[in-house]
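**Q** Below are the structure tokens for one structure; questions will follow.
The values are calculated or read from the model by the stated rules, or taken from the named source; none is laboratory data. Quantities reported herein were computed from a predicted structural model and do not represent experimental measurements. All Cβ positions, even for glycine, are placed from backbone atoms using ideal geometry, and neighbour counts span all protein chains on display. Keep in mind that these areas ignore ligands, DNA and RNA; they rest on the heavy atoms of the full protein, side chains included. Shrake-Rupley method; radii C 1.70, N 1.55, O 1.52, S 1.80 Å.
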Amino acid sequence: MSSKGEHQTVPLSVLLKRESESEKIENPEILHGQASQSKKGEDFTLLKTECQRAMGDGVATFSVFGLFDGHNGSAAAIYTKENLLNNVLSAIPADLNRDEWVAALPRALVAGFVKTDKDFQAKAKTSGTTVTFVIIDGWVVTVASVGDSRCIFESGEGGIYYLSADHRLECNEEERERITSSGGEVGRLNTGGGTQIGPLRCWPGGLCLSRSIGDMDVGEYIVPVPYVKQVKLSTAGGRLIISSDGVWDVLSAEVALDCCRGMSPDAAAAQIVKEAVHTKGLRDDTTCIVVDILPLEKPSAPLPPPKKAVKDVVEELFEEGSAMLSERFATKYPLCNMFKLFTCAVCQLEMKPGEGISIHAGTSNSVKLRPWDGPFLCSTCQEKKEAMEGKRPSGSRHGSDSD
């Protein structure tokens, strides 16, 4: 995990046990604001606090913040805003306690992203969208991202943490290699005579991102499988900034945080957008969400300037960015038995015994598989998995006026 301080990865079970053995810590106060200046009208946001879920011992709450930066039209961004959360929640087994629910989120986010992409592509619309999706449950923050919108966090102690990935082909060699090995081509726009201009793009289609939701005309090696990071904050809290590339193309994390120091979330979001537009003009939709995560004893005051970081107070619980579903759905944690054996791991379709196809089929592990080794996919989700991995031709592709 990127930070200004030292850090260590701590198993979730250890943290939960540590917390249960100490005095119960109250959930933080969540304050948020957003601002946007529009050029194309393709940026959309989702802000939901006090979302409720039934628990064995009552009702628990969580908050969701999403930024959807569309391209080649707004259809994918709107569809994802309206459907992604439900698809994620549907992928979480019922009757989990809070700690199990939090641990199940990373896998459920992968399933929700892929199902949303699959369902949207079935509508045969060619637009696409980046997604940065944040779920806050108590002091645990889980971020899933595809594309080049980003999420950063500054702790109350002054450390800066990068909670999302940048899936631009220009800056991600691993993603370039994945696409070319899956059958895509990566290069700059050729203007003739051997002259190439602009950022690296995936061809056919011309998209400069390696991951998104939608973009059915580009090729299925542009995958919707998100990078996911989950962290546990200290009770000092801190500030999240979720912004589209219209901000990050202009401002560094440090500049974005410093320019809004001491402001309320609403004022901070407006100031960040103002700084970005003032620097280079309004070249793209420019959107910012600011979320303050505060101890209850300080519910309404803007965050003070952070103390100098002396140690890492944000503990990493989970981080994974593989584009391979067989790796993302690997049942390496105790929750594996809670996921239904005869339910598609992506779309939650119930299947009869023997109908499902193991997520590991066709991998190096497949020779060791037993008939009951899941998770399993339905036939259509298996086809999508194979297409994303370059193992079968995807549908027809056309040019794309893309990011």
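**Q** Let me cross-check Glu177: its accessible surface, 1.4 Å probe, with only protein heavy atoms counted, in Å² to the nearest 10?
**A** We get 110 Å² for Glu177.
**Q** Sort out for me the Cα centre separation of region 194-216 from region 232-247, rounded to whole Å.
**A** 29
**Q** Using a 1.4 angstrom probe with every protein chain in place, what is the largest-first accessible-area order of Leu46, Leu207?
**A** From most accessible down to least: Leu46, Leu207.
**Q** Under the 0.36 nm per residue contour assumption, what length would be gained going from the current alpha-carbon distance of Ala122 and Glu185 to full extension?
**A** Stretched fully, the Ala122-Glu185 segment lengthens by 20.2 nm.
**Q** Where the centroid of each part is defined by its Cα atoms, how far is region 272-295 from region 67-117 in Å?
**A** So the separation of the two Cα centres works out to 25 Å.
**Q** Quick one: Debye curve from the C-alpha atoms of region 168-208, no solvent, what's log10 I(q)/I(0) at q = 0.20, 0.24, 0.27, 0.35 Å⁻¹?
**A** Ignoring solvent entirely, the Cα scatterers give -0.56, -0.76, -0.90, -1.19.
**Q** Explain nothing, just the number: relative contact order of region 168-208, from Cα pairs under 8 Å at least 6 residues apart, as a whole percent.
**A** Over region 168-208, the number comes to 39 percent.
**Q** For Ser379, what accessible surface area do you get with a 1.4 Å probe? Give it in Å², rounded to 10.
**A** Accessible area, nearest 10 Å²: 70 Å².
**Q** Another one. Taking square-rooted eigenvalues a ≥ b ≥ c of the alpha carbon gyration tensor, is region 191-231 rounded, prolate or oblate, where a/c under 1.5 means rounded and, failing that, a/b exceeding b/c means prolate?
**A** Verdict is oblate for region 191-231.
**Q** Still on this structure, I have one more. Give the accessible surface of region 168-208 per residue, rounded to a whole number of Å², with probe radius 1.4 Å and ligands, DNA and RNA excluded.
**A** 55
**Q** Now for a separate question. Taking square-rooted eigenvalues a ≥ b ≥ c of the alpha carbon gyration tensor, is region 116-177 rounded, prolate or oblate, where a/c under 1.5 means rounded and, failing that, a/b exceeding b/c means prolate?
**A** Note, shape of region 116-177 comes out oblate.
**Q** Taking all protein chains in place and a 1.4 Å probe, what share, in percent, of the accessible surface of region 168-208 do carbon and sulfur account for?
**A** The nonpolar share, carbon plus sulfur, comes to 46 percent.
**Q** OK, next. Along the Cα→Cβ direction, 7 angstrom out, place labels at Glu170 and Ala267. What is the inter-label distance in nm?
**A** According to this spin-label approximation, the distance is 3.4 nm.
**Q** Can you tell me the FRET efficiency between Ser322 and Cys259 if r is taken as the Cβ-Cβ distance and R0 is 41 Å, rounded to the nearest 0.05?
**A** 0.70
**Q** Give Lys39/Lys274; Lys48/Lys125; Lys125/Lys384; Lys40/Lys384; Lys48/Lys384 a once-over and call out the pairs whose C-alpha atoms are over 23 Å from each other.
**A** Flagged as over cut-off: Lys48/Lys125; Lys40/Lys384; Lys48/Lys384.
**Q** Quick one: grab the alpha carbon gyration tensor of region 87-203, order the square roots of its eigenvalues as a ≥ b ≥ c, and give me rounded if a/c is under 1.5, else prolate or oblate depending on whether a/b is larger than b/c.
**A** Oblate is the answer for region 87-203, as a/c is 1.5 or above yet b/c matches or exceeds a/b.
**Q** While we're on this one: Ordering Ser74, Ser358 by how much accessible area each has at a 1.4 Å probe, largest first, what is the list?
**A** I get Ser74, Ser358, largest accessible area first.
**Q** Working with all protein chains in place, sort Tyr79, Tyr221, Tyr162 by solvent-accessible area computed with a 1.4 Å probe, largest first.
**A** Working: Tyr79 40, Tyr221 5, Tyr162 85 Å².
In descending accessible area the options line up as Tyr162, Tyr79, Tyr221.
**Q** Let me ask something else. For a quick check of understanding: with a 1.4 angstrom probe and all protein chains in place, what accessible area in square angstrom does Thr380 have, to the nearest ten?
**A** 70
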